[in-house]
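All of the numbers you see were taken from the coordinates with simple rules; none came from a lab. The structure presented is a predicted model; accordingly, all values stated were derived computationally and were not measured. Cβ atoms come from the backbone with ideal geometry, glycine included; neighbour counts cover every protein chain shown.
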Amino acid sequence: MAISQDLLEILACPACKAKVELKPDGSGLKCVECRRVYPIRDDIPVMLVDEATIEDGTEDQQPEKS
Ligand SMILES: [Zn+2]
């Protein structure tokens, strides 16, 4: 794994300051709060809001509509 746990612990989402988690496939870092996914390029996380993509929460959570 290119990104160490130590590095993950000091990184934070620049948009909401929440922690980020490495995606299971290692392709990016996902914010636990706003679900932005920051890309990893050449083993370097790109922690820029402009570079982030927003992953919709279709994996395990459906937005509740009332
Ligand atoms: Zn965030």
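Modelled label positions at SER27 and GLU9, each set 7 Å beyond Cα in the direction of Cβ, lie 2.9 nm from each other. Note on ALA18 and ILE54: the extension gain reaches 11.5 nm, defined as 0.36 nm multiplied by sequence separation minus the Cα-Cα distance.
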